[in-house]
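The values are calculated or read from the model by the stated rules, or taken from the named source; none is laboratory data. Worth saying up front: this structure is predicted, and the values here are computed from it rather than measured. FYI the Cβ positions are ideal-geometry reconstructions off the backbone, even for glycines, and counts take in every protein chain you see. When the accessible area is computed, the model is the full protein with side chains, heavy atoms only, and any ligands, DNA or RNA have been set aside. Shrake-Rupley method; radii C 1.70, N 1.55, O 1.52, S 1.80 Å.
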Amino acid sequence: MSPDPTAPPAPPAPAASAHPADAAPAHAHPAPPARALPGSGASHRHVLVAIVLNKPGVLNRVASLMRARSFNIESLAVSHTDAPDVSRMTITLNGDDVAVEQAAKQLYRLIDVLKVQDVTNDPTVEHELALIKVRANERRRSEVISVVEMHKGRIVDVATDSVIVEATGSEAEVDALITLLRGFGIKELVRSGTVVMSRGSGSIQEAIKR
(Lines give C-alpha, C1' and ligand atoms only; values in the text may rest on other atoms or scores of the structure.)
Protein backbone atom coordinates (compact mmCIF):
# COMPACT_ATOMS: atom_id res chain seq x y z
CA MET A 1 0.00 0.00 0.00
CA SER A 2 1.33 3.46 -0.97
CA PRO A 3 2.13 5.91 1.89
CA ASP A 4 -0.31 8.76 2.47
CA PRO A 5 1.27 11.91 1.04
CA THR A 6 -0.69 14.07 3.52
CA ALA A 7 0.72 12.28 6.63
CA PRO A 8 3.38 14.20 8.58
CA PRO A 9 6.90 12.88 8.21
CA ALA A 10 8.08 10.39 10.87
CA PRO A 11 10.51 11.83 13.45
CA PRO A 12 14.13 10.86 12.86
CA ALA A 13 15.48 7.91 14.86
CA PRO A 14 17.75 8.96 17.79
CA ALA A 15 21.41 8.71 17.06
CA ALA A 16 23.30 5.85 18.75
CA SER A 17 25.13 7.00 21.83
CA ALA A 18 28.87 7.02 21.56
CA HIS A 19 29.00 5.65 25.15
CA PRO A 20 26.21 3.06 25.67
CA ALA A 21 24.95 2.96 29.22
CA ASP A 22 25.55 -0.75 29.44
CA ALA A 23 29.10 -0.61 28.18
CA ALA A 24 31.71 -1.71 30.76
CA PRO A 25 34.31 0.87 31.85
CA ALA A 26 37.65 0.57 30.14
CA HIS A 27 39.46 -0.09 33.44
CA ALA A 28 36.97 -2.06 35.56
CA HIS A 29 38.18 -3.26 38.98
CA PRO A 30 36.86 -6.36 40.82
CA ALA A 31 34.63 -5.74 43.81
CA PRO A 32 36.53 -5.62 47.14
CA PRO A 33 36.27 -8.74 49.30
CA ALA A 34 33.67 -8.76 52.06
CA ARG A 35 35.02 -7.26 55.26
CA ALA A 36 35.34 -9.68 58.16
CA LEU A 37 33.00 -8.87 61.02
CA PRO A 38 34.46 -8.43 64.52
CA GLY A 39 34.17 -11.54 66.58
CA SER A 40 33.75 -13.93 63.66
CA GLY A 41 37.20 -15.49 63.86
CA ALA A 42 38.18 -18.99 64.83
CA SER A 43 37.57 -20.06 68.40
CA HIS A 44 40.53 -21.20 70.47
CA ARG A 45 41.66 -21.59 74.06
CA HIS A 46 42.22 -18.46 76.16
CA VAL A 47 43.53 -18.09 79.70
CA LEU A 48 42.46 -15.01 81.69
CA VAL A 49 43.87 -13.95 85.06
CA ALA A 50 41.66 -11.74 87.25
CA ILE A 51 42.72 -10.12 90.53
CA VAL A 52 39.63 -9.48 92.66
CA LEU A 53 38.69 -8.43 96.16
CA ASN A 54 37.98 -11.36 98.45
CA LYS A 55 34.30 -10.62 99.03
CA PRO A 56 31.09 -12.68 98.88
CA GLY A 57 29.39 -12.67 95.47
CA VAL A 58 32.44 -11.77 93.35
CA LEU A 59 32.80 -15.27 91.91
CA ASN A 60 29.11 -15.39 91.04
CA ARG A 61 29.26 -12.05 89.21
CA VAL A 62 32.28 -13.15 87.17
CA ALA A 63 30.64 -16.44 86.20
CA SER A 64 27.35 -14.68 85.37
CA LEU A 65 29.10 -12.24 83.03
CA MET A 66 30.77 -15.08 81.14
CA ARG A 67 27.48 -16.96 80.92
CA ALA A 68 25.71 -13.85 79.59
CA ARG A 69 28.27 -13.68 76.77
CA SER A 70 27.72 -17.38 75.97
CA PHE A 71 31.16 -18.53 77.09
CA ASN A 72 31.53 -22.01 78.49
CA ILE A 73 34.13 -21.80 81.26
CA GLU A 74 36.29 -24.90 80.93
CA SER A 75 38.05 -24.38 84.25
CA LEU A 76 38.03 -21.77 87.00
CA ALA A 77 40.66 -21.82 89.74
CA VAL A 78 40.35 -19.37 92.65
CA SER A 79 42.76 -18.89 95.54
CA HIS A 80 44.00 -16.35 98.06
CA THR A 81 47.07 -14.26 97.31
CA ASP A 82 49.64 -13.05 99.85
CA ALA A 83 47.21 -10.19 100.61
CA PRO A 84 44.35 -11.53 102.78
CA ASP A 85 41.72 -9.34 101.13
CA VAL A 86 42.71 -10.16 97.52
CA SER A 87 42.05 -13.33 95.52
CA ARG A 88 43.28 -14.51 92.14
CA MET A 89 41.14 -16.21 89.49
CA THR A 90 42.46 -18.19 86.53
CA ILE A 91 39.73 -18.62 83.90
CA THR A 92 40.15 -21.01 80.96
CA LEU A 93 37.63 -20.70 78.12
CA ASN A 94 37.22 -20.98 74.35
CA GLY A 95 36.36 -18.06 72.07
CA ASP A 96 37.68 -15.87 69.28
CA ASP A 97 40.10 -13.05 70.08
CA VAL A 98 37.64 -10.17 69.70
CA ALA A 99 34.90 -11.76 71.80
CA VAL A 100 37.32 -12.66 74.59
CA GLU A 101 38.84 -9.16 74.53
CA GLN A 102 35.40 -7.59 74.91
CA ALA A 103 34.55 -9.96 77.76
CA ALA A 104 37.80 -9.10 79.54
CA LYS A 105 37.02 -5.37 79.28
CA GLN A 106 33.54 -5.91 80.73
CA LEU A 107 35.01 -8.08 83.47
CA TYR A 108 37.39 -5.28 84.43
CA ARG A 109 34.43 -2.91 84.84
CA LEU A 110 32.83 -5.12 87.48
CA ILE A 111 32.97 -3.81 91.01
CA ASP A 112 35.60 -5.57 93.16
CA VAL A 113 37.64 -6.60 90.07
CA LEU A 114 41.05 -4.95 90.32
CA LYS A 115 42.89 -6.26 87.25
CA VAL A 116 42.25 -8.55 84.25
CA GLN A 117 44.86 -9.88 81.87
CA ASP A 118 44.72 -12.30 78.93
CA VAL A 119 47.94 -14.32 79.22
CA THR A 120 47.17 -16.72 76.36
CA ASN A 121 50.09 -15.61 74.21
CA ASP A 122 52.46 -14.65 77.04
CA PRO A 123 55.35 -16.84 78.21
CA THR A 124 53.94 -18.47 81.34
CA VAL A 125 54.40 -21.32 83.77
CA GLU A 126 51.16 -23.33 83.61
CA HIS A 127 50.22 -26.15 85.95
CA GLU A 128 47.23 -28.23 86.87
CA LEU A 129 46.72 -30.81 89.61
CA ALA A 130 44.73 -33.99 89.04
CA LEU A 131 43.87 -36.89 91.34
CA ILE A 132 43.01 -40.09 89.47
CA LYS A 133 41.71 -43.28 91.10
CA VAL A 134 42.73 -46.14 88.81
CA ARG A 135 41.72 -49.81 88.89
CA ALA A 136 44.88 -51.74 89.78
CA ASN A 137 44.85 -55.20 91.31
CA GLU A 138 48.05 -56.82 92.49
CA ARG A 139 48.79 -58.24 89.04
CA ARG A 140 48.53 -54.93 87.16
CA ARG A 141 49.72 -52.53 89.84
CA SER A 142 53.33 -52.53 88.63
CA GLU A 143 52.18 -51.57 85.11
CA VAL A 144 50.21 -48.62 86.45
CA ILE A 145 53.14 -47.45 88.57
CA SER A 146 55.47 -47.66 85.57
CA VAL A 147 53.16 -45.50 83.42
CA VAL A 148 52.73 -42.96 86.23
CA GLU A 149 56.47 -42.63 86.88
CA MET A 150 57.21 -42.11 83.16
CA HIS A 151 54.82 -39.13 83.21
CA LYS A 152 56.28 -37.64 86.41
CA GLY A 153 53.25 -38.51 88.51
CA ARG A 154 53.20 -40.26 91.86
CA ILE A 155 51.10 -42.76 93.75
CA VAL A 156 49.53 -41.19 96.86
CA ASP A 157 47.27 -44.05 97.99
CA VAL A 158 47.16 -47.83 97.50
CA ALA A 159 44.10 -50.01 98.09
CA THR A 160 43.39 -53.67 97.36
CA ASP A 161 42.06 -53.06 93.85
CA SER A 162 42.97 -49.44 93.09
CA VAL A 163 45.56 -46.70 93.44
CA ILE A 164 45.25 -42.92 93.55
CA VAL A 165 47.59 -41.10 91.19
CA GLU A 166 48.63 -37.47 91.64
CA ALA A 167 49.50 -35.77 88.36
CA THR A 168 50.78 -32.22 87.86
CA GLY A 169 51.80 -30.32 84.76
CA SER A 170 50.23 -28.44 81.88
CA GLU A 171 46.73 -29.30 80.73
CA ALA A 172 48.17 -31.26 77.79
CA GLU A 173 50.51 -33.27 80.04
CA VAL A 174 47.71 -34.20 82.41
CA ASP A 175 45.48 -35.13 79.45
CA ALA A 176 48.20 -37.43 78.08
CA LEU A 177 48.52 -39.35 81.36
CA ILE A 178 44.75 -39.66 81.79
CA THR A 179 44.47 -41.09 78.27
CA LEU A 180 46.97 -43.85 79.13
CA LEU A 181 45.34 -44.63 82.49
CA ARG A 182 41.94 -45.11 80.86
CA GLY A 183 43.30 -48.38 79.52
CA PHE A 184 43.42 -49.69 83.10
CA GLY A 185 40.05 -48.21 84.07
CA ILE A 186 39.43 -44.93 85.88
CA LYS A 187 37.11 -45.11 88.88
CA GLU A 188 37.21 -41.43 89.84
CA LEU A 189 38.83 -38.25 88.56
CA VAL A 190 39.14 -34.70 89.90
CA ARG A 191 41.10 -31.81 88.37
CA SER A 192 41.95 -28.44 89.90
CA GLY A 193 41.90 -26.46 86.67
CA THR A 194 44.78 -24.48 85.21
CA VAL A 195 46.78 -21.94 87.20
CA VAL A 196 49.35 -19.77 85.45
CA MET A 197 52.04 -17.24 86.27
CA SER A 198 53.86 -15.05 83.75
CA ARG A 199 57.56 -15.67 83.39
CA GLY A 200 60.09 -12.95 84.20
CA SER A 201 60.19 -10.28 86.88
CA GLY A 202 56.86 -8.62 86.05
CA SER A 203 53.78 -9.22 88.22
CA ILE A 204 50.12 -8.60 87.52
CA GLN A 205 49.58 -7.97 91.25
CA GLU A 206 52.31 -5.33 91.46
CA ALA A 207 50.58 -3.43 88.65
CA ILE A 208 47.44 -2.88 90.74
CA LYS A 209 46.95 0.66 92.00
CA ARG A 210 44.58 0.65 94.93
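Can you tell me the mean projection area, over all orientations, of the convex hull of region 57-126's alpha carbons? Units nm², please.
Value for region 57-126: 5.1 nm².
Between A83 and N137, what is the label-point separation in nm under the 7 Å Cα-to-beta-carbon projection?
Rounded to a tenth, the inter-label distance reads 5.7 nm.
Out of the total accessible area of region 60-176 (probe 1.4 Å, heavy atoms of protein only), what percent is carbon and sulfur? Don't jump to the answer; show the numbers that get you there.
On the way: 3180 of 6630 Å².
Carbon and sulfur: 48 percent of the exposed surface of region 60-176.
List, in order, the whole-Hz ³J(HN,Hα) value for each residue of region 134-140 obtained from phi through the Karplus relation with A = 6.51, B = -1.76, C = 1.60 and θ = phi - 60°; use x for Gly and Pro.
Ordered by residue, 3J(HN,Hα) equals 10, 5, 7, 6, 4, 6, 9 Hz.
If you take the Cα atoms of region 163-206, find Rg, then find the Kirkwood Rh from the mean of 1/r over all pairs, what is Rg/Rh?
On the way: Rg = 14.7 Å, Rh = 12.8 Å.
In region 163-206, Rg relative to Rh is 1.15.
Starting from the amide H of G193, placed 1.01 Å from N in the peptide plane, find each other amide H under 5 Å away whose residue is 5 or more places distant or on another chain.
Amide H neighbours of G193, under 5 Å, 5+ apart: L129.
How much length, in nm to one decimal, is gained on full extension between V156 and R61, taken as 0.36 nm per residue of separation minus their Cα-Cα distance? Walk me through the numbers before you get to the answer.
Numbers: separation 95, 0.36 × 95 = 34.20 nm, distance 3.63 nm.
Residue separation times 0.36 nm, minus the Cα-Cα distance, leaves 30.6 nm.
Hey, which lysines would be in cross-link range of K187, C-alpha to C-alpha under 27 Å, not counting anything within fewer than 8 residues on its own chain?
K133, K152
Between S146 and M197, what length in nm is gained on full extension when 0.36 nm per residue of separation is reduced by their alpha carbon distance? Don't jump to the answer; show the numbers that get you there.
Working: separation 51, 0.36 × 51 = 18.36 nm, distance 3.06 nm.
This chain segment gains 15.3 nm when fully extended.
Hull surface divided by four, with the convex hull built on the Cα atoms of region 99-177: how many nm²? Numbers along the way, then the final one.
Working: hull surface 31.0 nm².
If I average the Cα hull's projected area over directions, I get 7.8 nm².
Any idea what the relative contact order of region 71-128 is, in percent, if you count C-alpha pairs under 8 Å spaced at least 6 apart?
On the way: 46 pairs, mean separation 13.8, N = 58.
Computed value for region 71-128: 24 percent relative contact order.
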